[in-house]
Amino acid sequence: MIEVKHVVKSFDGGEPVLKDISAVFEAGKVNMIIGPSGSGKTVLLKSIIGLHRVDSGRIEYDGRNLPDMRMKDIRLLRREVGMLFQGAALFDSMTVLQNVLFPLEMFSPDPPARQVERAKFCLRRVNLEEDKYGLMPSEISGGMQKRVAIARAIALQPKYLFCDEPNSGLDPRTSLVIDRLIAELTREFGMTTIVNSHDMNSIMEIGDHIVFIEHGAKVWQGSRTDILHADCQELDDFVFASDLFKKIKQSSTH
Amino acid sequence: MLASFILDSIRTTGRYALLMRKVFARPERGRMFFRQFVQEVGKLGLQSLPIVIIISVFIGAIMTIQTKLNTENPILPAYTTGLVTRDTLLLEFSSTIMCLILAGKVGSNIASEIGTMRITEQIDALEIMGINSASYLILPRIAAFVLMMPLLVVYSMAIGLFGGYCVGVFSDIITVSDYLLGIQYAFIPYYIFYSVVKSLVFAFIIASVASFYGYYVKGGALDVGRASTSAVVNSSVLILFFNLVITNLMLN
Ligand SMILES: Nc1ncnc2c1ncn2[C@@H]1O[C@H](COP(=O)(O)OP(=O)(O)OP(=O)(O)O)[C@@H](O)[C@H]1O
Ligand SMILES: [Mg+2]
């Protein structure tokens with residue numbers, strides 16, 4: 001479980017980008033941070049992992065407050081963290097298999113043969129065909145890159161999984177594959193998963209707990225079933241920007 | 001204008017110093033460091049050999065010809081040309097000029113590689129895994145280049161002298177025996193030591209300054225290009241400055 005309490009973050013003394021945000025992200029659930037472009041989702045996620053230092057507030061990983069930690073301890077904590085970046089961020093000088101193997105080689109106490117086994121297990125788990133293992137990231141499609149990045153993120157069996165816009169640049173079907181994979185893995189390993197998204201399809205597909213932010217402030221939170229009937233104008237404007245969801249709302253209120 | 005330039009320089013130097021403090025940390029896993037190190041020795045060191053060879057052999061030959069033409073004076077002994085060529089190679093060309101050339105090749109390579117990793121979030125990915133990205137990426141590059149540079153410099157000296165020898169063999173500008181006498185006459189081994197010391201400092205400057213500009217890239221591909229230009233320009237200026245300092249300390 002990750003608890004965010006009264007987090008404020010600004011850059012170079014400017015206007016705060018995050019304004020007093022509090023939220024609870026539970027284990028075994030897909031928690032989603034949603035909001036329009038520029039609302040501060042990425043900044044919030046990067047603050048939670050400590051890539052940005054917050055101005056004030058607490059970020060508790062099962063009680064351990066990250067802003068209090070020294071770099072050494074943050075690094076130790078991060079070994080329990082997996083992250084899927086917006087652009088996959090695979091190491092482009094390494095093959096697919098080497099990418100997944102990398103965190104294991106860095107930190108796993110297992111002998112090399114076991115590490116390779118584990119890496120292959122993770123790649124199979126994300127349904128990547130064996131003949132792709134030797135290719136470079138630039139030689140596989142965007143959807144496959146995302147899957148490899150997920151395999152790399154779960155290689156060390158993290159307790160916390162972060163995904164920044166897992167669907168950006170993917171077609172709807174591939175998006176669904178990635179979304180379901182994230183949801184399945186979250187339940188399988190009981191991870192605390194936080195997903196950034198502004199894609200309504202994935203929100204309705206996998207969002208267990210949803211935190212809506214706008215202009216850097218939390219406006220609403222709840223479950224995906226609440227989202228259609230929430231009494232919140234900003235959320236309505238965001239959700240029902242697309243006609244499809246307007247129709248869903250109309251049909252469900254009848 | 002001047003004040004803001006000075007302030008900027010101080011700020012940049014401070015950021016550079018902070019980065020270096022992060023770089024010189026104990027590697028997470030020795031085996032992983034060693035693997036990176038070997039890779040960089042190949043990429044930064046061995047792959048620089050062809051350019052070192054080509055440039056050194058030509059400069060050695062050209063210097064021999066020009067020196068001979070400029071010292072066409074019966075008072076000057078026959079060994080003059082060889083001696084001047086040798087000392088120029090040993091003192092200045094094979095260390096300083098070679099390093100300036102390699103600042104272009106190696107510096108831009110390092111800055112663009114690390115810069116690309118920055119803008120594609122690969123550095124963030126390393127950090128998220130709990131890895132000290134600065135140390136993981138930069139330390140092997142500095143170590144490899146600092147190790148290889150003196151070898152390249154000594155190699156360049158030998159090849160340069162060989163270039164001059166070729167002039168003796170393939171033309172009648174100078175006789176082989178005059179040249180060989182000249183390059184052995186009043187030989188001062190300390191000059192080689194002096195050049196090696198310089199090359200160690202220059203190699204550190206090239207690798208660390210290029211890493212610095214690459215590591216702090218913000219933006220896109222264009223900014224990576226800009227960073228690698230800044231890396232080359234700034235490390236070249238620093239090389240010239242430290243050349244002056246070291247020469248004052250060691251040859252005065
Ligand atoms: N490093 C930074 N320095 C200064 N301002 C920043 C920085 N990173 C983000 N911001 C600002 O913070 C705000 C929120 O940006 P953020 O990237 O979190 O948006 P987002 O919700 O992730 O948007 P998107 O959906 O487009 O990814 C923006 O106004 C942005 O300009
Ligand atoms: Mg974002």
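At a glance:
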{"quantity": "Residues within segment B:1-22 that are polar (S, T, N, Q) and surrounded by fewer than 10 Cβ atoms within 10 Å (Cβ to Cβ), tallied", "calculated": "1"}
{"quantity": "Selection status of A:Lys41, under 25 Å from A:Met200 (Cβ atoms) and in contact with a His (Cβ under 6 Å, 6 or more places away or on another chain)", "calculated": "no"}
{"quantity": "Where A:Asn167 falls short, out of the listed (1) assigned to a loop (DSSP other than H, G, I, E, B); (2) more than 23 Å from B:Thr120 (Cα to Cα); (3) open to solvent by less than 40 Å² (accessible area, probe 1.4 Å)", "calculated": "(2)"}
{"quantity": "Single match in A:Pro137, A:Pro111 (criterion: within 13 Å of chain B (Cβ to nearest Cβ) and touching a residue at least 12 places away in the same chain (Cβ under 8 Å))", "calculated": "A:Pro137"}
{"quantity": "A:Arg79 away from ligand 1 (no atom under 16 Å from the Cβ), open to solvent by 40 Å² or more (accessible area, probe 1.4 Å), within 11 Å of chain B (Cβ to nearest Cβ) and in contact with a Gly (Cβ under 6 Å, 6 or more places away or on another chain)", "calculated": "yes"}
{"quantity": "Residue in segment B:37-47 that is open to solvent by 20 Å² or more (accessible area, probe 1.4 Å), under 28 Å from B:Thr229 (Cα atoms) and touching a Leu at 6+ places or on another chain (Cβ under 8 Å) present", "calculated": "yes"}
{"quantity": "Any hit, segment B:110-122, residues being touching a strand residue (DSSP E or B) at 6+ places or on another chain (Cβ under 6 Å) and within 13 Å of another protein chain (Cβ to nearest Cβ)", "calculated": "no"}
{"quantity": "Cross-chain or 6+ apart pairs with Cβ under 6 Å, segment A:26-46 first and within 14 Å of chain B (Cβ to nearest Cβ), then part of a strand (DSSP E or B) and within 7 Å of ligand 1 (Cβ to nearest atom)", "calculated": "A:Val43/A:Val17; A:Leu45/A:Asn196"}
{"quantity": "All positions within segment A:29-45 that are open to solvent by 10 Å² or more (accessible area, probe 1.4 Å), touching a helix residue (DSSP H, G or I) at 6+ places or on another chain (Cβ under 8 Å) and within 13 Å of ligand 2 (Cβ to nearest atom)", "calculated": "A:Pro36"}
{"quantity": "Residue in segment B:127-145 that is nearest to the chain's Cα centre (by Cα), counting only those that are at the interface with another protein chain (Cβ under 9 Å from one of its Cβ atoms) and crowded, with 23+ Cβ neighbours inside 10 Å", "calculated": "B:Ile131"}
{"quantity": "Residue in segment A:199-215 that is farthest from ligand 2 (Cβ to nearest atom), counting only those that are among the aliphatic types (A, V, I, L, M) and part of a strand (DSSP E or B)", "calculated": "A:Ile210"}
{"quantity": "Residue that is nearest to ligand 1 (Cβ to nearest atom), among those in segment A:43-57 that are in a helix (DSSP H, G or I) and of a type in the set (A, V, I, L, M)", "calculated": "A:Val43"}
{"quantity": "Hits in segment B:75-96 - residues which are open to solvent by 10 Å² or more (accessible area, probe 1.4 Å) and of a type in the set (Gly, Ala, Ser)", "calculated": "B:Ala78"}
{"quantity": "Selection status of B:Leu152, of a type outside the set (S, T, N, Q), within 14 Å of another protein chain (Cβ to nearest Cβ) and under 23 Å from B:Lys105 (Cβ atoms)", "calculated": "no"}
{"quantity": "Residue that is farthest from A:Glu3 (Cα to Cα) [pool: residues in segment A:157-193 that are within 13 Å of chain B (Cβ to nearest Cβ) and within 16 Å of ligand 1 (Cβ to nearest atom)]", "calculated": "A:Ser168"}
{"quantity": "Strands (runs of 3 or more DSSP E) completely within segment A:1-42 that count 2 or more residues being within 15 Å of A:Ser56 (Cα to Cα) and touching a strand residue (DSSP E or B) at 6+ places or on another chain (Cβ under 7 Å)", "calculated": "A:2-10, A:16-25"}
{"quantity": "Any chance A:Ser56 is of a type in the set (Gly, Ala, Ser) and within 10 Å of another protein chain (Cβ to nearest Cβ)", "calculated": "no"}
{"quantity": "Residue in segment B:1-21 that is in contact with a helix residue (DSSP H, G or I) (Cβ under 8 Å, 6 or more places away or on another chain), without any contact (Cβ under 8 Å) to a residue 40 or more places away in the chain, over 29 Å from B:Ile97 (Cα atoms) and outside any helix (DSSP H, G or I) present", "calculated": "no"}
{"quantity": "Every residue from segment A:4-15 that is under 26 Å from A:Thr225 (Cα atoms) and either open to solvent by less than 10 Å² (accessible area, probe 1.4 Å) or within 16 Å of ligand 2 (Cβ to nearest atom) (or both)", "calculated": "A:Val4"}
{"quantity": "Options A:Asn196, A:Asn167; residue that is without any contact (Cβ under 8 Å) to a residue 60 or more places away in the chain, within 16 Å of ligand 2 (Cβ to nearest atom), closer than 30 Å to A:Phe107 by Cβ and polar (S, T, N, Q)", "calculated": "A:Asn167"}
{"quantity": "Matching residues in segment A:19-28 - criterion: being within 13 Å of ligand 1 (Cβ to nearest atom) and either in contact with a helix residue (DSSP H, G or I) (Cβ under 6 Å, 6 or more places away or on another chain) or charged (D, E, K, R) (or both)", "calculated": "A:Lys19"}
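Residues are listed down the side, and each one gets a yes or a no for (1) among the charged types (D, E, K, R); (2) away from ligand 2 (no atom under 16 Å from the Cβ); (3) open to solvent by 10 Å² or more (accessible area, probe 1.4 Å):
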position	(1), (2), (3)
A:Val17	no, no, yes
A:Gly50	no, yes, yes
A:Asn65	no, yes, yes
A:Asp68	yes, yes, yes
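Yes or no, residue by residue, for (1) surrounded by fewer than 20 Cβ atoms within 10 Å (Cβ to Cβ); (2) hydroxyl-bearing (Ser, Thr, Tyr):
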| site | (1), (2) |
| --- | --- |
| A:Ser175 | no, yes |
| A:Met191 | no, no |
| A:Ser202 | no, yes |
| A:Glu214 | yes, no |
| A:Lys218 | no, no |
| A:Thr225 | yes, yes |
| A:Cys232 | yes, no |
| A:Asp237 | yes, no |
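The values are calculated or read from the model by the stated rules, or taken from the named source; none is laboratory data. Quick caveat: nothing in here was measured; it's all calculated off a predicted structure. With ideal geometry, Cβ positions are generated from the backbone for all residues, glycine too; neighbour counts draw on all protein chains shown. Please note that ligands, DNA and RNA were not included when accessible areas were found on the heavy atoms of the full protein model with its side chains. Shrake-Rupley method; radii C 1.70, N 1.55, O 1.52, S 1.80 Å.
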